[in-house]
Amino acid sequence: MQNFISAHDVPDINALVKKALEYKTHPLHDKLLGANKRIGLLFLNPSMRTRLSTQIAAQNLGMEAIVFNVGQEGWALEFEEEAIMSGSTVEHVKDAAPVMGKYFDILAIRTFPSLKNREDDYSELYIRQFIKYAGIPVVSLESATLHPLQSLTDIITIRENFNEQRRPKIVLTWAPHVKPLPQCVANSFSQWVNAWGEADFVITHPEDYELDMQFTNGATITHNQDEALKGADFVYVKNWSTFNNEYGKIYCNDPGWMLTNEKLALTNNAKVMHCLPVRRNVELSDEILDGPNSIVTQEASNRVWAAQAVLAEILRSK
Ligand code: CP
């Protein structure tokens, strides 16, 4: 694996899941694999789970991890080619990324979308420019459109919680939120579940919240949440803002879309997932988050093993 940006970078998802679960059992099995190697963790946006889990994963492999909050502490970066830098940006990525490429063996980057211009966000300019100019492997810690470490974690967690000899039914449901959020987690979850191909996958959301079909193709899509939830083994809850029509907006905030125990009763005693952070009693009710069906903490703890499997794969490919 050269870079880790989307499900398309992974030739065998099940093999990567297996590797991650092996690391969960034996965290220090490859403690010398990354000896004398360094990973730069660049954050243009906030994070808790991604930052900590990737640091721990790197350390488990013997790597040194250096966190750089570019968004707060670094020079403002320019990403457009041939930009006349007479505005607020101070340094071009084509100057900064090669330097980082000399400091580090792997570069990992978190960058959110603006939610102002769909074409710009979906061009993934920031991550593409780092890949182009850093000269070393690049790992997405969540980009403008995708969150692959989260999605790999989600597949790992589903695999851990399902032992039946049949395909699980997985439902991705939209949930209300107080502000417009990126589509990244929902896009990415859809892309990974479709690429994995081992589940019956249903996406449910209110009208006007259609996601980009390049990620959802293969799933059943319905505006009827109750219908979608019937017989579900896993319910993945996430808010996202609009993709079509007016991009990055909130059209509907119907609290009736929040998952409750009454809705959960429609499912096959489904496990409930969320990437966190979560707005309690807006996106997900206390009764669900504090109840026996929630696996959100297990899910977040699996971020370490997903990151460790990906970093190990890249180290082995170098
Ligand atoms: N799920 C997730 O990416 O969490 P953080 O934003 O805290 O990293």
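The values are calculated or read from the model by the stated rules, or taken from the named source; none is laboratory data. Computed from a predicted model, the values in this text were never measured in an experiment. Note that we place each Cβ from the backbone using ideal geometry, even for glycine, and neighbour counts take in every protein chain shown. Just so you know, the surface numbers come from the protein's heavy atoms only, side chains and all, with ligands and any DNA or RNA stripped out. Shrake-Rupley method; radii C 1.70, N 1.55, O 1.52, S 1.80 Å.
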Legend entry - Rh by Kirkwood over Cα pairs, then Stokes-Einstein D for the range 112-208 at 1.306 mPa s and 10 °C, µm²/s: 104 µm²/s
Inset, instruction - Report, by chain and number, residues whose modeled amide H sits under 5 Å from the one on N239, excluding near sequence neighbours (fewer than 5 apart, same chain). - result: A175
Inset, instruction - Please give the net charge around V17, taking every other residue with its beta carbon less than 15 angstrom from that of V17, where Lys and Arg add +1 and Asp and Glu add -1. - result: -3
Inset, instruction - Run the numbers on the range 99-231 and let me know its relative contact order in percent, using alpha-carbon pairs under 8 Å that are six or more apart. - result: 21 percent
Inset, instruction - Mind checking the per residue accessible area of the range 162-294 for me, 1.4 Å probe, whole number of Å²? - result: 42 Å²
Legend entry - Size of charge dipole - the chain - debye, nearest 20, with Cβ of Lys, Arg +1 and Asp, Glu -1, no other charges: 1000 debye
Legend entry - Axial C-alpha extent at least 20 Å, average Kyte-Doolittle at least -1.0 - helices from the chain (DSSP): 303-317
Legend entry - If the convex hull is drawn through the Cα atoms of the range 1-67, its volume per residue in Å³: 102 Å³
Inset, instruction - Hey, for a label at Y103 modelled as a point 7 Å past Cα toward Cβ, could you say which residues of the range 64-90 have their backbone N under 15 Å away? - result: 64-77
Inset, instruction - Take the alpha-carbon centre of the range 212-291, take the same for the range 7-84, and report the distance between them in whole Å. - result: 28 Å
Inset, instruction - Count the lysine pairs in the range 46-180 whose Cα atoms sit under 30 Å apart, keeping only pairs 8 or more residues apart in sequence or on different chains. - result: 7
Inset, instruction - Find, among the trypsin sites (Lys or Arg not before Pro) in the range 155-241, those assigned to loop by DSSP (not H, G, I, E, B) with at most 14 other beta-carbon atoms within 10 angstrom. - result: R166, K230
Inset, instruction - Please give, to one decimal in nm, the separation of the simple spin-label points placed at Q298 and D12, each 7 Å out from Cα toward the Cβ. - result: 2.6 nm
Inset, instruction - Return the carbon/sulfur percentage of the accessible area of the chain, one whole number, probe 1.4 Å, all protein chains in place. - result: 49 percent
Legend entry - Radius ratio Rg over Rh of the range 219-283, counting only Cα atoms, Kirkwood formula for Rh: 0.97
Legend entry - Mean shadow area of the range 162-294 over all directions, Cα convex hull, nm²: 7.4 nm²
Legend entry - Distant alpha-carbon pairs in the chain (separation over 35 angstrom), percent: 20 percent
Inset, instruction - Tell me what the chain gives for mean residue ellipticity at 222 nm when only DSSP H runs of n ≥ 4 count, each as -39,500 (n - 2.57), the sum divided by the residue total, rounded to 500 deg cm²/dmol. - result: -10500 deg cm²/dmol
Inset, instruction - At 20 °C and 1.002 mPa s, grab the translational diffusion coefficient of the range 8-110 from Stokes-Einstein with a Kirkwood Rh over Cα pairs, rounded to a whole number in µm² per second. - result: 137 µm²/s
Inset, instruction - Please tell me the relative contact order of the chain in percent, rounded to the nearest whole number, where contacts are Cα pairs under 8 Å and at least six residues apart. - result: 20 percent
